[in-house]
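First comes the structure, then the notes that go with it.
Please treat every number below as a calculation from the coordinates, not as lab data. Just so we're clear, the structure is a prediction, and the values are computed from it rather than from any experiment. Note that each Cβ is placed from the backbone with ideal geometry, even for glycine, and that neighbours are counted across all protein chains shown.
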Amino acid sequence: TGAITLDPGYKNSGSCTSKITFLDGELGILRYRGYSIEDLAEKADFLEVSFLLIFGELPTAAQLKQFEVDIRKHTLVNEEMKNIIDGFPRTAHPMGVLAALTSALTAFNPKSVNVDNEKEMYHAVCKTMGKFLVIATWTYRKSMGYPLNYYDNTKGYVENFMRLMFELPTEPYKPNPIVIDALDKLFILHADHEQNCSTSTVRMVGSSHAGLFASISAGVSALWGPLHGGANQAVLEMLEEIHANGGDTDAYLAKAKDKNDPFRLMGFGHRVYKNFDPRAKIIKKAANEVLATLGVDDPILEIAKKLEAAALEDEYFKARNLYPNVDFYSGIIYRALGIPTDMFTVMFAIGRLPGWIAQWKEMRENKEPIGRPRQIYTGESLRDFKKPE
Ligand code: CMC
């Protein structure tokens, strides 16, 4: 087998070949199936992009319509799932609840999908897209103690997200097209990012031929961490803290640079982008637009801009090619749209879902072997067994 190459964090190891997402970290390029992220964010909608990622081509108008209808058919979640939600304390973090509920879906949908059967796979895709959206919003309803909502078949996917979250028996949800469009764009920007931590996890779990829900539940757990999707919540908490402490961004920069302090500037740096994150560019512009159109004057946005400008001028950040990433400005938009901070990472998960599905499907279609890295053992050599006195 030869010598084992050590590459912690897989900084230089490719784990697969893929036709889904192209990413050039030096030039700041991101494309889904060959289409630029800028074009898709501008001209497509989230379900269109989901279809593109999962099935490889943009849907025709008829295919897209059918996709929406077929997803709708799967938005009813088994009533017994509510018993599981009821078992959680209201203070539970929505990402923990989401991972558990996604895993619980395996119990109610035990039949594993045959990836070589196109019809079965399509059905599984629609089912996952439908049920995941509903349970994602239920995590919020649970935390608020609100009754759970049902999907409205007369409305689109993203509008349904807002309704499922916020509609109350006493307060019908009135959609604001600016909010729906902004969310749609955010979901598109998060939809795939090649072999990031959560996607690699989904592929790895799926490589043992575990089912789609089980693999996605593992992806949700991977996404939760503050170095990955959890960064969007951490960014906003950091900005709020800076604001509460009088807006002293320099003190936070100094903390981030201090090697004896574990603190990192949240929303800065990326494993692959060493020039700029093209998603951050689009999101920054969108944050400005959304806040202006909604008439929101948020001091947090000013702090974010001040912090970004200072970091971009700073030698430490320059030397390490640390730029704002997708999570730096997304939370500011979510906040303006009324999304609670502990739901930010759930928003990321809803956006990333089509990417996880596409990558899982590709991995199985390519008949990839089980993921099983090697190691270099650095522990004790053989010892005589003797119980300690
Ligand atoms: N603040 C301060 N220093 C940093 C930061 C930061 N945000 N990011 C990296 N560094 C330093 C790090 O200390 C190291 O310094 P040195 O060479 O002196 O030891 C150098 O930059 C390289 O960092 P690394 O940890 O080796 O890089 P990585 O590729 O392993 O990590 C990262 C990438 C995104 C995990 C990291 O930049 C980070 O922790 N950022 C903050 C969390 C964050 O915003 N995550 C979101 C990532 S983007 C989308 C997503 O996945 O959700």
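Taken residue by residue, the range 90-108 has at least one member that is of a type outside the set (D, E, K, R), surrounded by fewer than 14 Cβ atoms within 10 Å (Cβ to Cβ) and not in a helix (DSSP H, G or I).
Taking only pairs six or more apart or across chains, which ones have beta-carbon atoms under 8 Å, a first residue in the range 307-323 that is more than 12 Å from the ligand (Cβ to nearest atom), and a second residue that is β-branched (Val, Ile, Thr)? Once the first residue is more than 12 Å from the ligand (Cβ to nearest atom) and sits in the range 307-323, its partners that are β-branched (Val, Ile, Thr) give 310/249.
Looking only at the range 15-60, which residues are hydrophobic (A, V, I, L, M, F, W, C) and assigned to a helix (DSSP H, G or I)? The answer is 37, 40, 41, 46, 47, 49, 51, 52, 53, 54, 55.
When each of 201, 170 is tested for being closer than 19 Å to residue 350 by Cβ and either surrounded by 19 or more Cβ atoms within 10 Å (Cβ to Cβ) or away from the ligand (no atom under 14 Å from the Cβ) (or both), the lone residue that passes is 201. Checking each residue in the range 226-255 for being closer than 14 Å to residue 311 by Cα and either of a type in the set (Val, Ile, Thr) or in contact with a Lys or Arg (Cβ under 6 Å, 6 or more places away or on another chain) (or both) picks out only 249.
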